[in-house]
Amino acid sequence: MPHALLVSGPAGIGKSALADAFAQSLLCEAPQADAQACGRCDACRWYAAGNHPDLRRLEPGADDEGKPSKEIRIDSVRDLETFFAIGGHRGSARIVLVDPADALNPVAANALLKTLEEPTPGLHFVLVTGRPDALPVTVRSRCLALALPAVAPAAAVGWLQQHGNLSAQQAADLLAACGGAPLHAQALAGPSQAAAHRAVLEAIAGLPETGAVGVAERLGGTEPQLWLTVLQRWVADLGRVALGVAPDHFPGQRPRLAQLAQRVSPHRLASVARQLLEQRRYLNHPLNPKLFCEESLQIYLDAYPGNGTKE
């Protein structure tokens, strides 16, 4: 068992659930024959209740104003110094789960590195990330890397049918819309979420005829995370169709994509995709959500001749 494990892979495939199950199995006092946690011993009950004395979680907390933060700061690492120094309460392993590890700011990562370089016996780290390259090389080099692949489509569709009460076609469509991420597809399967997603897709598919202002009005009450993700995937599919390849995310929209693909160039769409990726930097703190939406939609509309750009 390595003292530090780095679990990485695409979003929405269950990295955190795997890391949790692994940590619980290490703390379980009566593991099953396949090494999975029994779910019945005292350790498993404490784990399920979130108060196992030999487990600590490093995750983003709150900023100085009490608002949710996207960073894991050095104070959180310092709070674990006593935990690092003492032995296990139950005479077993001690686990630190860092999720997402890419949320560690540089100062916190350097502080954690000191313990990773000189691990205490019985202390194990499990770091979870969808962006391993965002971690310092020094941190990554101290961990055993476990890179998880995307879930095979057939397995993901079967899982969605079982857990979402969906037909095979519905599951396949949701999975495609979510980039092959079954957990994201499961979240999208709920009636309200599915309706919101359909409304966003219909609004974006209506462009450029409907105009940025009108679509921004329709999307006014929608989370920016949803409409920007759909817009980015729409641009990716439009680029694929323009190159003569089948769409990845919205196969049911292929006729509309084929119609629009005749009016744009792959080169211009590549520029649009880069600009929309830049827009994600402002996703969680747009000064004016409506203007942010209009601006993002206008970036997309600039792909079409006659919408303020020149060929």
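The values are calculated or read from the model by the stated rules, or taken from the named source; none is laboratory data. Everything quoted here is computed from the prediction, not taken from an experiment. FYI the Cβ positions are ideal-geometry reconstructions off the backbone, even for glycines, and counts take in every protein chain you see. Areas reflect the complete protein model, heavy atoms only, side chains present, ligands, DNA and RNA absent. Shrake-Rupley method; radii C 1.70, N 1.55, O 1.52, S 1.80 Å.
Couple of notes before you dig in:
- Looking across the stretch 118-142, just one residue is small (Gly, Ala, Ser) and part of a helix (DSSP H, G or I), and that is ALA134.
- One residue stands out among those in the stretch 88-111 that are farther than 17 Å from MET1 by Cβ and either of a type in the set (Phe, Trp, Tyr) or surrounded by fewer than 18 Cβ atoms within 10 Å (Cβ to Cβ) (or both): the one that is nearest to the chain's Cα centre (by Cα), which is ASN105.
- Criterion violated by LYS15 - all others in (1) open to solvent by less than 20 Å² (accessible area, probe 1.4 Å); (2) touching a strand residue (DSSP E or B) at 6+ places or on another chain (Cβ under 6 Å) satisfied: (1)
- Any hit, the stretch 75-83, residues being among the basic types (Lys, Arg) and assigned to a loop (DSSP other than H, G, I, E, B): no
- Residues in the stretch 47-80 that are open to solvent by 70 Å² or more (accessible area, probe 1.4 Å), in contact with a strand residue (DSSP E or B) (Cβ under 8 Å, 6 or more places away or on another chain) and not basic (Lys, Arg): GLU59, PRO68, GLU71.
- Extreme residue, nearest to ILE95 (Cα to Cα), among residues of the stretch 20-66 that are within 28 Å of the chain's Cα centre (by Cα) and in contact (Cβ under 8 Å) with a residue 60 or more places away in the chain: ALA23
- Options ALA43, ALA11, ALA30, ALA35; residue that is touching a Cys at 6+ places or on another chain (Cβ under 6 Å) and not in a helix (DSSP H, G or I): ALA30
- Hey, ALA145 modelled with pLDDT under 95 and either in contact with a helix residue (DSSP H, G or I) (Cβ under 9 Å, 6 or more places away or on another chain) or among the acidic types (Asp, Glu) (or both) or not: no
- Inter-residue pairs, beta-carbon under 6 Å, first over 23 Å from GLU202 (Cα atoms) and in the stretch 282-299, second assigned to a helix (DSSP H, G or I) and not aliphatic (A, V, I, L, M), 6+ apart: PRO286/PHE292
- Odd one out for LEU219 among (1) at pLDDT 95 or above; (2) farther than 19 Å from ALA181 by Cβ; (3) open to solvent by less than 80 Å² (accessible area, probe 1.4 Å): (1)
- Selected residue (criterion: farthest from ASP302 (Cα to Cα)) from residues of the stretch 205-233 that are free of Cβ contacts under 8 Å to residues at least 60 places away in the same chain and among the hydrophobic types (A, V, I, L, M, F, W, C): LEU226
- Tally, over the stretch 120-129, of residues that are buried (at least 17 other Cβ atoms within 10 Å of the Cβ) and out of contact with any Leu (no Cβ under 6 Å at 6 or more places or on another chain): 5
- Every condition in (1) in contact with a strand residue (DSSP E or B) (Cβ under 6 Å, 6 or more places away or on another chain); (2) basic (Lys, Arg); (3) open to solvent by 50 Å² or more (accessible area, probe 1.4 Å) is met by LYS114 except one, and the failing one is (1).
- Single condition LEU6 does not satisfy, out of (1) open to solvent by less than 20 Å² (accessible area, probe 1.4 Å); (2) closer than 30 Å to LEU175 by Cα; (3) assigned to a loop (DSSP other than H, G, I, E, B): (3)
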